[in-house]
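The values are calculated or read from the model by the stated rules, or taken from the named source; none is laboratory data. Keep in mind that what you see is a predicted model, and the values were worked out from it rather than measured. Every residue, glycine as well, gets a Cβ built from its backbone with ideal geometry; the counts of neighbours run over all protein chains shown. These accessible areas exclude ligands, DNA and RNA; they are computed on the full protein's heavy atoms, side chains included. Shrake-Rupley method; radii C 1.70, N 1.55, O 1.52, S 1.80 Å.
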Amino acid sequence: MTDFLERMEPLARGYDVLLCDIWGVVHNGIAAFADACDALARFRKRGGTVILVTNAPRASESVMRILDRMNVAHDVYDAIVSSGDVTRGIVARRLGQRVFHLGPERDHSIFTGLDVIFAPLESANYVVCSGLFDDTIETPDSYRDMLAAMRGRALSMVCANPDVVVERGDTLVYCAGALADAYAALGGEVLYCGKPHAPIYDLALGTAASLRGGRIPARDKVLAIGDSVRTDLKGAAAFGLDVMFVTSGLHAEHYGSREAPDLEALRKVFAEAGVAPRAVMTALRW
């Protein structure tokens with residue numbers, strides 16, 4: 001069985017860089033987790049580098065402002081890499097093509113500073129999906145007709161957030177990944193920009209290199225931290241990174257409880273995924 005840890009400090013000694021998920025590990029969408037913030041700050045004080053890696057469909061500067069509002073101090077991390085950053089890079093390479101933005105206005109920072117031509121679905125060349133227009137009342141089924149129309153025009157979709165659901169307080173809400181998966185099931189072409197796909201890890205390691213003298217860190221010196229089997233665990237493992245899995249975040253009920261996860265349930269989840277983390281914690285703490 002994967003090591004079950006009460007504290008991350010003993011494991012952290014073997015790593016130079018942490019690639020840490022945000023939503024579910026550092027905060028729950030409403031409030032920051034004090035122990036997690038303290039642990040990351042302590043890792044940095046020992047000379048480590050912390051890159052927050054998130055599937056948020058926004059530019060990293062926008063993510064930083066959200067963390068500021070939650071009182072996540074800047075000494076908790078060195079940099080942020082978002083799925084929105086990867087998406088911006090793709091959009092920047094397709095300037096001149098017409099874009100239909102499927103998602104809420106709050107995600108518009110993806111396009112800030114880019115000379116983007118926006119268009120309705122009927123005349124767009126491709127779609128950037130950052131989420132549901134209103135994730136408080138809508139579900140993927142609300143988009144059945146829209147996705148069928150997209151498929152009828154053979155439009156490609158750039159998915160700015162591969163997460164299917166995230167926690168918002170005690171509630172699970174649908175994300176862009178749910179729409180992207182539904183579109184792919186229709187035979188639509190989807191390009192996923194965040195975890196578990198490689199481009200966001202490439203960007204994260206490149207960012208770490210820029211902070212550590214220009215050298216890409218060895219992968220065996222990088223530890224990924226996250227709470228999702230589908231995105232954090234499988235993505236980092238496929239990229240050749242060790243993973244510390246946090247059970248009290250997304251889908252905690254699948255493992256028994258937040259405070260006392262069922263080890264047998266965890267074994268089953270990891271076996272079904274075909275990959276196991278280096279270590280497991282109920283919540284991130286030093």
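Highest mobility in the GNM of the chain, judged by mean-square fluctuation with C-alpha springs under 10 Å and restricted to VAL81, VAL275, VAL165, is found for VAL275.
Under the simplified labelling scheme, the GLU61-ASP75 pair shows an inter-label distance of 2.7 nm, with each label point 7 Å from Cα along Cα→Cβ.
Rolling a 1.4 angstrom probe over the protein heavy atoms with all chains in place gives the chain an accessible area of 43 Å² per residue. Legend: residues THR2, THR247, THR171, sorted from most to least accessible area (1.4 Å probe; ligands, DNA and RNA excluded), read THR171, THR2, THR247.
For region 111-142, the residues whose backbone nitrogen is under 15 Å from a point 7 Å from the Cα of ARG153, taken along Cα to Cβ, are 117-129.
Springs between alpha-carbon pairs under 10 angstrom, Gaussian network model over the chain: which of PHE245, PHE43, PHE118 fluctuates most? Largest GNM mean-square fluctuation: PHE118.
For region 261-266, backbone phi angles converted through the Karplus equation (6.51, -1.76, 1.60; θ = phi - 60°) give residue-by-residue couplings of x, 7, 5, 5, 5, 4 Hz, Gly and Pro being listed as x. Region 30-51 and region 260-286 have Cα centres lying 21 Å from one another. Charged side chains reduced to their Cβ positions (Lys and Arg at +1, Asp and Glu at -1) give the chain a dipole of some 920 debye around its Cα centre. Expressed as a fraction of 2.2 N^0.38 Å, the C-alpha radius of gyration for region 147-274 is 1.22. For region 105-227, relative contact order (Cα pairs under 8 Å, six or more residues apart, normalised by length) works out to 21 percent.
Remark: accessible surface ordering of PHE270, PHE133 (largest first) is PHE133, PHE270, probe radius 1.4 Å.
For LYS195, the lysines whose Cα falls under 26 Å of its own Cα, not counting residues fewer than eight places away in the same chain, are LYS221, LYS234, LYS268.
Among ASN28, ASN71, ASN125, which one shows the biggest mean-square fluctuation in a GNM of the chain, springs joining Cα atoms closer than 10 Å? Most flexible of the set in this elastic network: ASN71. With all protein chains in place and a 1.4 Å probe, the accessible surface of region 66-168 carries 50 percent carbon and sulfur.
If you average the alpha carbon positions of region 186-244 and of region 75-147, how far apart do those two centres end up, in angstrom? Taking the Cα centre of each part, region 186-244 and region 75-147 sit 21 Å apart. Helices in the chain, meaning DSSP H runs of at least 4 residues, each add -39500 (n - 2.57). Divided by all residues, the mean residue ellipticity at 222 nm is -8500 deg cm²/dmol. Taking amide hydrogens as placed 1.01 Å from N in the peptide plane, the amide H of VAL158 sits under 5 Å from those of VAL127, VAL128, CYS129, LEU191, each at least 5 positions away in sequence or on another chain.
Across the protein chains, with a 1.4 Å probe defining accessible surface, the residues LEU132, LEU263 rank LEU263, LEU132 from largest area downward. Within the shell defined by Cβ-Cβ distances under 9 Å, the residues around ASP163 carry a net charge of +2, with Lys and Arg each +1 and Asp and Glu each -1. Residues whose amide H comes within less than 5 Å of that of ALA59, counting only those at least five positions distant or on another chain, are SER109, ILE110 (H built at 1.01 Å from N in the peptide plane).
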